[in-house]
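What follows is a set of notes on a single structure, which appears directly below.
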Amino acid sequence: MLMSVVRKTYQQCKNNQPQNRERSIFAKLNKKRQVEKSQKNNSMEISGRIIKINPVVTGDGRNGQWKKQEFILETVSQYPKKVCFTLWGDKIDKTEMREGMNAVVSFDLESKEYNGRWFTEARAWMVKGDENRGAESMPANEPRAFTPSNLDAIDEMESLPF
């Protein structure tokens with residue numbers, strides 16, 4: 001009798017095993033999708049003009065060789081801000097950047113502690129050219145160049161009696 005119970009239990013476990021595997025695979029996929037969604041929700045974007053691209057820096061670490069490239073983005077606003085971003089690894093080769101280009105940068109912030117001090121890095125993971133912002137990026141209060149026609153108009157204004 002004991003043997004028949006063991007056999008039934010064994011057969012049930014054997015028959016249910018593929019279903020449990022499928023469930024665990026689907027559970028892992030769902031969990032991975034949830035993590036990806038939360039990462040997308042936590043990522044940040046900023047737009048502006050790339051004003052400087054630093055050279056690629058490489059080095060050797062305990063996990064092998066690494067490379068990074070920093071670039072400076074200036075925001076377009078009443079009070080422009082300059083932000084330094086870092087691209088790591090293969091993202092450098094996948095990204096086409098040039099100085100003066102209008103861009104939208106997707107990034108994450110990461111802080112690390114070293115010797116009791118905290119350091120924060122803005123890690124860019126995608127840089128897209130933003131051609132729609134061309135007119136917006138030009139400062140509106142930039143002085144116009146004087147031409148002979150402008151000088152004639154100024155002379156006429158000065159000759160007015162008031």
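Between W88 and F119, the modelled labels are 1.3 nm apart [label points 7 Å from Cα along Cα→Cβ]. Annotation: amide H-H contacts under 5 Å for M101 (H modelled 1.01 Å from N, sequence separation of 5 or more, or interchain): I50. When each of the peptides 91-98, 71-78 is scored by how many other beta carbons lie within 10 Å of its residues on average, the order from highest to lowest is 71-78, 91-98. Shape class for the stretch 90-131: prolate, because the ratio a/c of the largest to smallest gyration tensor axis (alpha-carbon atoms, square roots of eigenvalues) is 1.5 or more and a/b beats b/c.
Whole-Hz ³J(HN,Hα) for each residue in the stretch 44-61, computed from phi via Karplus 6.51 cos²θ - 1.76 cosθ + 1.60 with θ = phi - 60°, x for glycine and proline: what do you get? Ordered by residue, 3J(HN,Hα) equals 10, 10, 8, 10, x, 10, 6, 9, 7, 10, 7, x, 6, 10, 10, x, 10, x Hz. With θ taken as phi - 60° and the Karplus curve 6.51 cos²θ - 1.76 cosθ + 1.60 applied, the whole-hertz 3J(HN,Hα) list for the stretch 76-84 is 9, 6, 4, 10, x, 10, 10, 10, 9 Hz, x standing for glycine and proline.
Laboratory data are not the source of any read-out in this text; all were calculated from the coordinates shown. Here the structure is a predicted model, which means the values were calculated and not measured. Please note: Cβ atoms are built from the backbone with ideal geometry, for glycine as well, and neighbour counts cover all protein chains shown.
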